Every structure is written in structure tokens, then in C-alpha cells.
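Step one of this worksheet: look at the structure below.
The values are calculated or read from the model by the stated rules, or taken from the named source; none is laboratory data. This structure is a prediction, so every number in the text was calculated from the model and none was measured. Using ideal geometry, Cβ is built from the backbone for each residue, glycine included, and neighbour counts are taken over all protein chains shown. For the accessible areas, the whole protein counts, side chains as well, though only heavy atoms, and no ligand, DNA or RNA atoms are used. Shrake-Rupley method; radii C 1.70, N 1.55, O 1.52, S 1.80 Å.
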Amino acid sequence: MAEDAQPEASDPELVDVVVDGPVGIVTINRPDKLNALNSEVIEGLLGAMLTLDDDPDVGCVILTGSPESKKPAFAAGADIQEMSEMGALILRAYSQDGQQLCGVIDGMTKPVIAAVNGFAFGGGLELAMACHIRYAAESARVGQPEINLGIIPGFGGTQRLLRLVGRGRALEMLLTGDPIDAQEAYRVGLVNQVVPDGDLMETAVVLARKLAEQAPLATQLILDAVARGADREVDAALAIETDLFGLVGTTEDVREGMRAFLEKRPPEWKGR
Ligand code: COA
């Protein structure tokens, strides 16, 4: 999590947070603008994510777009109206805010699932790519159309897309600005699963509940190992894994997990 990020109260109008048992559901709620990400939405999302990351009763978070949009949308991008009035330095700060939000999501101590329920364009796809797992509705379309506006992605899109789908495919999407449909996104590894439109949230919640039931410290350390190892040489990445493996060995849960296996009973995780 970004060190200088502070929790903010999320705006109930634009970012809706529901905690359902161990699952936090964050909904971008700006349906009249296809859930486009203006500054208030970005601030609300940051506050919501920081609050849920700090909540010990929440084991997994789902991020989605309001289902009330006139056309299904996860988020149709950063707010073009707002950006059109920004000078260069403000645009730079806007990019930093977006990157901070995506960094916070990426660095959460619990899994974050993007339930991509429609358009995920520009900043919308960048948000989805910052999540740990992406499920997409069959009718969803994703893309980085910034080039059509004469700008470039600024919330991490050039880097996360590159890392998820490889250089050639990423450059094709970035340079043409053309969207791809959910099946193609699945084929290139941009989404984990494509789900019939009406089943998306239910499927995401089933996964979220499963992830929330796993050993919380092991979950956190797996997220950490994958994030910290992703851009390192394999030897350095493996050294991180070994250190975290040793660290998890200091927890009560590791004893409980092995004891439960040997005693042929389900484990009771304590998160310590
Ligand atoms: N920023 C601000 N407003 C946006 C927006 C965005 N990124 N995307 C959509 N909207 C608004 C539209 O301006 C419109 O508002 P209005 O009804 O007040 O005029 C409303 O959302 C509906 O969008 P509209 O374009 O009428 O819907 P559509 O079904 O014809 O097209 C899209 C849907 C997603 C193809 C189209 O809205 C689009 O291309 N959006 C921009 C995508 C983009 O470039 N994102 C990257 C931004 S960096």
C-alpha cells in the first residue's frame, strides 16, 4: 500500500461500499456517465479500498461498475470532460492520483477481484488490471482508447497491459486504441474467466467467499511474493519467496494448518 495514502471517507453517491460477510463489494456509481472516473470517484475508490484493506473482517474485495448504466459499464475511462480542462501539470497530478489508486489496489493485503460488467476502457481497464483477478461478463469490451484522444494511458496502462498480455499484443491495443471483446480478452490472458452476463456477480462472490476463507496470512504473503517477484530476476524473486516462506513459518496458522490436516479436520485460521 502507498505509504503516504490516507483513508478518506468514500463518497456514498459515487462509490458504493457493501460488506457482505467476509466480502467487500465496491461499486463505481456514476451510471449516467458510464461510471467514468472523475476525481471524486478516484478519491472515493481510494478511501474505500484503504478502509476495506484495514478491516480484519473482510477477506476479499470485489470491484465492479454500477449495473444501472444505460449501457453496461465497469468504467468507460477517466473523465474526458474533466481532463479537457486540465493543464499539463494538473494532468500529471491526475495521473499520479490514478497510479496511486491502482498501486493501492495492487498492493492490498487481501485479493481484489474485478467483476468487469461492461465497458472497461482507458482508466477503467487500468483499474481492472490493478486487481488481482478479473472476471468479465460475456458482453464486456475492454481497451485502451486514449490514443484516439491524442493522449496516452496514465493510470499504469502501458505497463500493466504489457506485463499481462506481452509487448506485441499490448502495443497493438495501445497504438490502435481498438477494444477487444471478453472472449478475446480471455484468449490473450487479460481476464481469468468469461461469465454469462447475468451470472457475473454471483460467480465473483462465490470466488470471493472461497478466497476469504483461505488462511489470511498465507494469502497476504502469496500476494506479496507475486507482486515483489514479478519484475525481478528469477534468483532474486526466489529469494523473496524463501524469506516469506520462512516468515509464514512463524505464524500460529501454519501449525494449525498442518495439525488440522494430520487430524483430518478443517483448519481454523486465526490470522496470526
Ligand atoms: N468521460 C466522461 N464522460 C463519459 C466517458 C468518459 N470517459 N465515457 C462516456 N461518458 C459519458 C458520455 O459523455 C455520455 O454523457 P451524456 O449522456 O451526458 O452526453 C454518457 O457517458 C454516455 O456515453 P455515450 O458516449 O453517449 O454512450 P455510447 O453507448 O454511445 O458509447 C462508449 C459508449 C463507451 C463507446 C463511449 O462513451 C466512449 O467512447 N467513451 C469514452 C471512452 C474513452 O475514450 N475512454 C478513455 C478515456 S481516457
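One residue is enough: does region 25-40 have a residue meeting the conditions outside any loop (DSSP other than H, G, I, E, B) and more than 25 Å from Asp197 (Cα to Cα)? For region 25-40, residues outside any loop (DSSP other than H, G, I, E, B) and more than 25 Å from Asp197 (Cα to Cα): present. Against the conditions (1) under 25 Å from Cys131 (Cβ atoms); (2) touching a residue at least 12 places away in the same chain (Cβ under 8 Å); (3) not in a helix (DSSP H, G or I), Glu268 satisfies every one except (1). Here no helices (runs of 4 or more DSSP H) wholly within region 148-196 include at least 3 residues being without any contact (Cβ under 8 Å) to a residue 60 or more places away in the chain, over 16 Å from Ala120 (Cα atoms) and in contact with an Asp or Glu (Cβ under 8 Å, 6 or more places away or on another chain).
Across region 48-65, which residue is surrounded by the fewest Cβ atoms within 10 Å (Cβ to Cβ) among those that are within 16 Å of the chain's Cα centre (by Cα) and in a loop (DSSP other than H, G, I, E, B)?
Going through region 48-65, the residues within 16 Å of the chain's Cα centre (by Cα) turn out to be 48-53, 58-65.
Narrowing the set further to residues that are in a loop (DSSP other than H, G, I, E, B) leaves 58-59.
Working: Val58: 20, Gly59: 23.
Looking at the filtered set, the residue picked out is Val58.
A single entry from Ala48, Ala36, Ala130 fulfils the requirement of being hydrophobic (A, V, I, L, M, F, W, C) and over 23 Å from Asp224 (Cβ atoms): Ala36.
Residues in region 85-108 that are in contact (Cβ under 8 Å) with a residue 60 or more places away in the chain and either within 16 Å of the ligand (Cβ to nearest atom) or outside any helix (DSSP H, G or I) (or both): Leu91, Tyr94, Ser95, Gly98, Gly107, Met108.
Counting the residues of region 243-268 that are more than 18 Å from Gly107 (Cβ to Cβ) and open to solvent by less than 90 Å² (accessible area, probe 1.4 Å) gives 11.
Of everything in region 230-259, what is over 23 Å from Gly59 (Cα atoms) and in contact with a helix residue (DSSP H, G or I) (Cβ under 6 Å, 6 or more places away or on another chain)? Give them in sequence order. If the condition is that a residue be over 23 Å from Gly59 (Cα atoms) and in contact with a helix residue (DSSP H, G or I) (Cβ under 6 Å, 6 or more places away or on another chain), then Ala237, Ile240 are the ones that fit. Within the option set Ala170, Ala204, being closer than 20 Å to Ala76 by Cα, surrounded by 16 or more Cβ atoms within 10 Å (Cβ to Cβ) and modelled with pLDDT of 95 or more holds for one residue only, Ala170. Here is the figure for region 207-236: residues that are open to solvent by 100 Å² or more (accessible area, probe 1.4 Å), assigned to a helix (DSSP H, G or I) and either more than 21 Å from Arg160 (Cα to Cα) or in the same structural domain as Pro111 (by TED's automatic domain parsing) (or both) total 2. Of the residues that sit in region 66-84 and are among the charged types (D, E, K, R) and within 12 Å of the ligand (Cβ to nearest atom), which one is surrounded by the most Cβ atoms within 10 Å (Cβ to Cβ)? My answer is Asp79. Taking the listed residues Ala128, Ala120, Ala170, Ala115, the one that is over 16 Å from the mean Cα position of the chain (by Cα), at negative phi and in the same structural domain as Val61 (by TED's automatic domain parsing) is Ala170, with no other qualifying.
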